[in-house]
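The values are calculated or read from the model by the stated rules, or taken from the named source; none is laboratory data. These numbers come from a predicted model, not from an experiment. Positions of Cβ are backbone-derived with ideal geometry, glycine not excepted, and every protein chain shown enters the neighbour counts.
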Amino acid sequence: MINKEQTMQQIKIRTFFWVLSLCLSFSSASFAQSFDFKVYNTSEGLADNDIIALTQDKNDYIWMATDEGLIRYDGIEYVVYTVADSLAHNYINCLHFDKKDRLWIGHKNGLITYREDDEFHKIAVEGSSQLISAIADDEHGNIWAIDQKRGLIRIDTKGVVTTFFDRKIYGRKNYTSFQCLSNNRFLIGTARQGLFVFQFDATYSSVEITKVPDIPHTWINTINKSNRSNNYWIGTRGKGFYEFIDQVDGVGAEHVSDHTLCQKFDIESESVTDIYEETEGHLLISTLGSGVVRLIYDPVVGQFNDSFKYSNNNGLSNNDVQDILCDREGNYWFGTKGGGVSLLVNQYFVFYNLDEIGFHYKASSVYKDGENLWVGLDRGMMLTDPLCFDIRYYDDQYGGIPNDEIVDYYKDENETLWMATAKSGLYFRTKNSETFRKKNYYNDKLALCINGITGVKDELFLATQRGLFIIDTQKGAIKNYEIKDGLSHNNINFVYVDSKTNIWVGPKDGGLCKINPVQNRIERHPLKDNRAVDVTDMTEDDDGNLWISTKGEGVMSYVDDVVTQQFTTADGLKKDFCYAIHSDIKNRLWVCHDGGLSRIDVANDALKNDKVKIYGHNEKLGSSFYQIRQDATGGLWFASDKGVVNYLPENDRPNTVAPILNVLTMHLDDEEIPVTKRLQLKYPYGKKHYKLSFDFRAISFKKPEDVSYQVRIDKAGDDNTTQKWSDLGNVNRKEIDYLGYGDYKIRIRAFNADGIETSLQKTISVSIDKPVYLSVWFIVLMVVLFVVCVYLIMKYRERLLIKQKQQLQNEVASQTVVLREQKAEIERKNRDITDSINYAKKIQSSILPAMDDLMNVFPNSFVYFKPRDIVSGDFYWFNHSKDYFIACCADCTGHGVPGAFMSMIGTTILNDIFRLPEIDSPAAMLERLDEEVKKLLQKNEGNESMDGMDISVLEVHIPTREIRVASAKRPVYMIINDEMSVYKGSRRSIGDNYEEQLSPFVNVEYSCNKGDTIYMFSDGYPDQFGGPYGKKFMKAGVENLIVEMQDKAGNEQLELVDNNFEQWRGDLEQIDDVLFMGIRL
């Protein structure tokens, strides 16, 4: 009993010292939250680091007031305006755009400048010599300014200046700020005297001044209109801020303070320089010394219920903030004193860096539990509030946990928080408990090495190096699944429960395993055949598809036990080694890598590479990431070796604000011209084209470097419906040097980084006059001149032709006499030649044998002889002795007179050969004929000619009807016993020197009967062109003709041969002499 009491007493003492140590050790510690600020200062090109005021014009330019001049910024370039540009003074205290988009500028020494149509104009105010504290305009368009020492200044729409400086009426005050409540009612802040309402009469001749009673005598820094009607925010120096309420029954103010908010800053005592109210009612409050405080407004209860601060600890360039601007895209600009401008663009990543608060540990795990954030380190863990950033550190001395790596958290239905360690097992903390206790479940070192934890209802699932453990927290039952139970490996990388309450685990290098504890069954899913896949984590998208991260295989979709999709570095993934995966509320997958993150938009229908976006050092996310967890609001928390990153999906929205496009400069032939919407140009005589160039810029401060541009040129009169835009990328300049005369519209449009097009395209109309030579009057003049010239030329040519005609007539008359004489001479010579040829025909006919010589021996025969000209180069010859009849069909070289000479030579030689007793065969006749022809024509080796003849010789032994045939290049057709036989003859012609040795003449013998017919013909018959297609008759045609007429009588065959030839020739000319012989035995 004593030991038990002593133990309890020790525990109480230990707990007391632990709490005391926490309070002492971490009362001033804060978690280093960091935001993605862009800082613009002199090192970035800014003219001055002291930014007094900020505003934005209708073209989206940001204007910055400094004590060194006025700065205009478009996201890429700065333009600085000073007294050299007609400013009244370089020191600028306030900026204001009126309803006419004129920029009003308040300076020192009572000086005012306004900018209209890109020019500055100075306004002199008599009696004003101090700082212009503020400028505003009323509903009538009057401009109101306030001199710090003297009072109100009015500039009406006509430029007339009226001052309200009479101290007897308005009192002695230092004026610091003001707002127009109406046209003649003003809310005016002073230095150390508080807030006043000035109520003028309709003529501004009298005024009623009322001190706002609820605001003490303090310095009023700023007055800002609230989103709520008739309410204004009043910022003070050292007294925080108030809400002013302008009511019908009077005015009042309420000091905004709430001690339940974060205690790291005291809102009630801050020196407030500016206040901006968001649409949702949240406030951004700039201060001197404490950065920017953000108060979170709860519209349900109507009050601010939370807060946090932007300062130089989390990315703000300087804690002395003088002005706040929320631009058209929703970006926040903070003008600081000495730190330039801090621009907050991306508000969806919040960074918590451990190194900056002295924790040189990596964050292994993270869990957001309501307002608490648990961060597991590689040694111990810490608990923090993400807004106020107070932290508590837990290790083996404080909190009951070991000095071990904390790998995972899980909170069950009883609000018990379970904590898994890398080597020390499982710990838990019940609701409202301050310390953790160890949960004993298995006495084994590998079982204490936990890789992941999750659960369902009363059951916990532990992924350990000794398989999966299922712990029933109510009944105390413990189940263990190992290799012996069916797992592919005991080292389990993760455990995951899907929407169907299936339990999935990832054994090391073993793919997936699905465990059914009720049936005590394990299903193995190797994922890929013949290859081990090391799965590190699993998640489920909105469509119920499972996605897994792997080591070396990237990310896979696993649906119905099949890998349906895979993303690797080839598809844009940052790395193929993935350590965790989680689906966010927008159905996008987040993947952890060593060196950054990948995001996969699985719902996007784009190509694979367009679905993947990577985050690395450029996005301040170049750390090694280990774990992803989602909180109750849908935010993701990433654990890394640098700390924790919070991703807010609701803030990560595409930039739907269309950029405003501005044309900066225009150049014509390299000379700058004023920017205009319409350009009228003369025709560029002496050069081919004008050279036009345009510089333009679309302003988008979220990602100004990713703004892209397109240009299209439409010509009047052309079909521009199919005209395509020319993509310039991020080049904001277009040069055009190819425009001919005509009317053009040069259209320019831009897109922000998310593809949102400018709402208003810029269109520049360019008209280039036609050249003079295309004008109507010039064309008419040229036509008249042309007609006159043509007329003169025609008259000149007419005279010339008359003269030439007379000369020709004379020449023709003289030539006619000559031609008549020549004609008579030609006719005479032609008659002589014709008479000679006719006489030659008589001679040739007398030489040819008489047809009776043939008909007497073979009466049923015929000879078809048709010279092409008067005389023929073809000839027939026959003779007979007592028992023999010899017939020849010859085709001499050429036709007409030359052929006739050859035929006469051939006939004469054949007559001589017939009388020679040694010539006893047709072949011998041909050999002797060849020899005689060569002698006669003197053919030798040095005197070769093409003269000769093709000839067929037929010898008939009359008593026996035995025949012998020899031929020189002519075929002989024989109908013997009603069958056709063809002897093609030798390839050697009579008088041919080339084939003498190769083709000797031979005799071919045939035994014939009475009625058999032998046909011989020259090449004039088969070579004749004619028929329906104008082709040659050919030897095939001759064969068909012979077959057709062989049974007919000789005279019928002769008629058939003649008719067939004439019909075939038709209207075509006869091309050669024709000889066709038929001898019927």
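How do the strands (runs of 3 or more DSSP E) wholly within the range 279-367 filter down when requiring 1 or more residues that are surrounded by fewer than 18 Cβ atoms within 10 Å (Cβ to Cβ) and not aromatic (Phe, Trp, Tyr): which remain? Outline the logic, then answer.
Values: elements: 283-287, 292-298, 303-310, 321-326, 332-336, 341-353.
Hits in the range 279-367: 292-298, 303-310, 321-326, 341-353.
On the given criteria, is residue 1035 among the basic types (Lys, Arg) and either in contact with a His (Cβ under 7 Å, 6 or more places away or on another chain) or part of a loop (DSSP other than H, G, I, E, B) (or both)? Spell out the reasoning first.
Numbers: among the basic types (Lys, Arg): yes; either in contact with a His (Cβ under 7 Å, 6 or more places away or on another chain) or part of a loop (DSSP other than H, G, I, E, B) (or both): no.
Here the answer is no, as residue 1035 does not meet what is asked.
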Quick check on this structure: which one of 356, 405, 413 is over 50 Å from the mean Cα position of the chain (by Cα) and in contact (Cβ under 8 Å) with a residue 24 or more places away in the chain?
413
Restricting to the range 264-275, count the residues that are in a strand (DSSP E or B) and either in the same structural domain as residue 323 (by TED's automatic domain parsing) or among the acidic types (Asp, Glu) (or both).
1
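May I ask you to list the residues in the range 570-625 that are among the hydroxyl-bearing types (Ser, Thr, Tyr), modelled with pLDDT under 95 and surrounded by fewer than 23 Cβ atoms within 10 Å (Cβ to Cβ)?
Once the filter is applied, which keeps residues that are among the hydroxyl-bearing types (Ser, Thr, Tyr), modelled with pLDDT under 95 and surrounded by fewer than 23 Cβ atoms within 10 Å (Cβ to Cβ), the range 570-625 yields 615, 624.
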Which of the strands (runs of 3 or more DSSP E) found entirely inside the range 376-488 contain at least 2 residues meeting this: of a type in the set (Val, Ile, Thr) and touching a strand residue (DSSP E or B) at 6+ places or on another chain (Cβ under 8 Å)?
406-411, 450-456, 467-472
Which count do you get for residues in the range 833-871 that are surrounded by 13 or more Cβ atoms within 10 Å (Cβ to Cβ) and among the acidic types (Asp, Glu)?
2
What are the pairs, 6+ residues apart or on separate chains, where a residue within the range 731-752 that is surrounded by 14 or more Cβ atoms within 10 Å (Cβ to Cβ) has its Cβ under 7 Å from a residue that is acidic (Asp, Glu) and not in a strand (DSSP E or B)?
741/769
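Which ones in the range 1003-1037 are of a type in the set (A, V, I, L, M, F, W, C) and surrounded by fewer than 16 Cβ atoms within 10 Å (Cβ to Cβ)? Walk me through it before giving the result.
Taking the range 1003-1037 and keeping what is of a type in the set (A, V, I, L, M, F, W, C), we get 1004, 1008, 1014, 1016-1017, 1025, 1033-1034, 1036.
Correct list: 1034, 1036.
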Are there any strands (runs of 3 or more DSSP E) wholly within the range 632-743 with 3 or more residues that are under 30 Å from residue 596 (Cβ atoms), and if so which?
636-640, 643-647
Mind checking which pairs have a first residue in the range 455-470 that is more than 10 Å from residue 481 (Cα to Cα) and a second that is of a type in the set (Asp, Glu) and outside any strand (DSSP E or B), Cβ under 8 Å, 6 or more apart or different chains?
455/412; 457/412; 457/413; 458/412; 458/413; 460/412
Residues of the range 504-519 that turn out to be farther than 18 Å from residue 466 by Cβ and part of a loop (DSSP other than H, G, I, E, B), as a count:
3
Complete set of residues in the range 758-774 that are in contact with a Phe, Trp or Tyr (Cβ under 9 Å, 6 or more places away or on another chain) and surrounded by fewer than 16 Cβ atoms within 10 Å (Cβ to Cβ)
765, 767, 769, 770, 771, 772, 774
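One line per residue, one yes/no per condition, for (1) polar (S, T, N, Q); (2) on the phi > 0 side of the Ramachandran plot:
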position	(1), (2)
573	no, no
582	no, no
586	no, no
590	no, no
598	yes, no
634	no, yes
Among the residues of the range 237-246, is there at least one that is at pLDDT 85 or above and under 23 Å from residue 341 (Cβ atoms)?
yes
Going through the range 476-501 one residue at a time, which ones are among the polar types (S, T, N, Q) and closer than 18 Å to residue 442 by Cα?
480, 490, 491
Residues that are in contact with a Lys or Arg (Cβ under 9 Å, 6 or more places away or on another chain), closer than 21 Å to residue 586 by Cα and not hydroxyl-bearing (Ser, Thr, Tyr), drawn from the range 617-635
629, 630, 631, 632, 634, 635
Pairs where the first residue, in the range 544-556, is touching a residue at least 40 places away in the same chain (Cβ under 8 Å) and the second is of a type in the set (Phe, Trp, Tyr), C-beta under 6 Å, 6+ apart
546/558; 548/558; 555/567
Quick check on the range 484-495. Is at least one of its residues acidic (Asp, Glu) and surrounded by 14 or more Cβ atoms within 10 Å (Cβ to Cβ)?
yes
Is there a residue in the range 523-540 that is farther than 14 Å from residue 627 by Cα, surrounded by fewer than 18 Cβ atoms within 10 Å (Cβ to Cβ) and in contact with a Cys (Cβ under 6 Å, 6 or more places away or on another chain)?
yes
Among the residues of the range 825-876, write down those that are among the β-branched types (Val, Ile, Thr), within 21 Å of residue 1054 (Cβ to Cβ) and not in a strand (DSSP E or B).
857
If I filter the range 436-449 for residues that are in contact (Cβ under 8 Å) with a residue 60 or more places away in the chain and either closer than 27 Å to residue 632 by Cα or surrounded by fewer than 17 Cβ atoms within 10 Å (Cβ to Cβ) (or both), do I get at least one hit?
no
Would you tally the residues in the range 893-939 being over 21 Å from residue 1079 (Cβ atoms) and either assigned to a strand (DSSP E or B) or in contact with a Cys (Cβ under 6 Å, 6 or more places away or on another chain) (or both)?
2
Given the conditions (1) touching an Asp or Glu at 6+ places or on another chain (Cβ under 7 Å); (2) buried (at least 18 other Cβ atoms within 10 Å of the Cβ), report the number of the one that residue 884 does not fulfil.
(2)
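What about residue 933, is it under 27 Å from residue 1054 (Cβ atoms), surrounded by 15 or more Cβ atoms within 10 Å (Cβ to Cβ) and not polar (S, T, N, Q)?
Criteria not met by residue 933.
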Give all pairs with beta carbons closer than 9 Å in which a residue from the range 827-840 that is closer than 15 Å to residue 896 by Cα and in contact (Cβ under 8 Å) with a residue 60 or more places away in the chain meets a residue that is part of a helix (DSSP H, G or I) and among the small types (Gly, Ala, Ser); count only pairs at least 6 apart in sequence or on separate chains.
837/896; 837/900; 840/900
Subset of the range 150-167, residues free of Cβ contacts under 8 Å to residues at least 40 places away in the same chain and in contact with a helix residue (DSSP H, G or I) (Cβ under 7 Å, 6 or more places away or on another chain), comes to 151
Out of 170, 232, sole residue that is buried (at least 19 other Cβ atoms within 10 Å of the Cβ) and either more than 55 Å from the chain's Cα centre (by Cα) or free of Cβ contacts under 8 Å to residues at least 60 places away in the same chain (or both)
232
